[in-house]
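The values are calculated or read from the model by the stated rules, or taken from the named source; none is laboratory data. Please read these numbers as outputs of a predicted model, since none were measured by experiment. Cβ placement follows ideal geometry from the backbone for every residue including glycine, while neighbour counts extend to all protein chains displayed.
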Amino acid sequence: MKILFEKSENNIYASKILNDEELFASSIHCSYYSTVQLMRHILFNICNEDEKIFDNKLEVKNIGSHNFLITIFTKKLSTKGLKTQDFSKSMRDLKNLRKEADYSGQTHLRLIF
């Protein structure tokens, strides 16, 4: 299914428009979910992980689906010989920024495109 890939593309497009309109919190939200959708697309459509099995794992319930996704995706990248420390840190930073953008009164938050 390409639906996650298409949603990811739509969200990153929306993020850029929102950023240009200085709607920064919403831009961050869309950027984060675009990345999550793209990781899920790669995991389930390219790495052939089973989505239902993944979503029902105990770790998903214990640490949350996004934390588990970041962990598993980072491990998959490292098995391909890629350096993953920067990716993992960037994803966790983006996740924290998304939480701050969604739930705090901060208005100065901004991603650079």
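Considering only the range 27-38, I want to know if a residue exists there that is part of a helix (DSSP H, G or I) and at pLDDT below 90. Checked against the condition, which is being part of a helix (DSSP H, G or I) and at pLDDT below 90, the range 27-38 yields no hits at all. Which one is nearest to THR74 (Cα to Cα), of the residues in the range 13-25 that are in contact with a Phe, Trp or Tyr (Cβ under 9 Å, 6 or more places away or on another chain) and surrounded by 18 or more Cβ atoms within 10 Å (Cβ to Cβ)? In this case the residue turns out to be SER15. Within the range 34-45, residues that are within 14 Å of THR74 (Cα to Cα) reach partners that are not basic (Lys, Arg) and not in a helix (DSSP H, G or I) with beta carbons closer than 7 Å, at six or more positions or on different chains, in the pairs LEU43/GLU49. Of a type outside the set (Ser, Thr, Tyr), part of a helix (DSSP H, G or I) and surrounded by fewer than 12 Cβ atoms within 10 Å (Cβ to Cβ), is that true of LYS76? Here the answer is no, as LYS76 does not meet what is asked.
Give the range 83-102 a look and list any residue that's of a type outside the set (D, E, K, R) and surrounded by 11 or more Cβ atoms within 10 Å (Cβ to Cβ), or say none. Listed by number, the residues that qualify are THR84, PHE87, SER88, SER90, MET91, LEU94, ASN96, LEU97, ALA101. GLU49 meets each of the listed conditions (1) part of a helix (DSSP H, G or I); (2) surrounded by 12 or more Cβ atoms within 10 Å (Cβ to Cβ) apart from (1). Before we move on, is LEU43 assigned to a helix (DSSP H, G or I), within 25 Å of TYR103 (Cα to Cα) and hydrophobic (A, V, I, L, M, F, W, C)? Answer is no for this residue.
Assess whether ILE12 counts as being out of contact with any Leu (no Cβ under 8 Å at 6 or more places or on another chain), among the hydrophobic types (A, V, I, L, M, F, W, C) and touching a residue at least 24 places away in the same chain (Cβ under 8 Å). It is false that ILE12 is out of contact with any Leu (no Cβ under 8 Å at 6 or more places or on another chain), among the hydrophobic types (A, V, I, L, M, F, W, C) and touching a residue at least 24 places away in the same chain (Cβ under 8 Å). Does ASN62 qualify as being more than 18 Å from TYR33 (Cβ to Cβ) and not in a helix (DSSP H, G or I)? In short, no. Exactly one residue out of ILE28, ILE70 is touching a Leu at 6+ places or on another chain (Cβ under 6 Å), crowded, with 18+ Cβ neighbours inside 10 Å and β-branched (Val, Ile, Thr), and it is ILE28.
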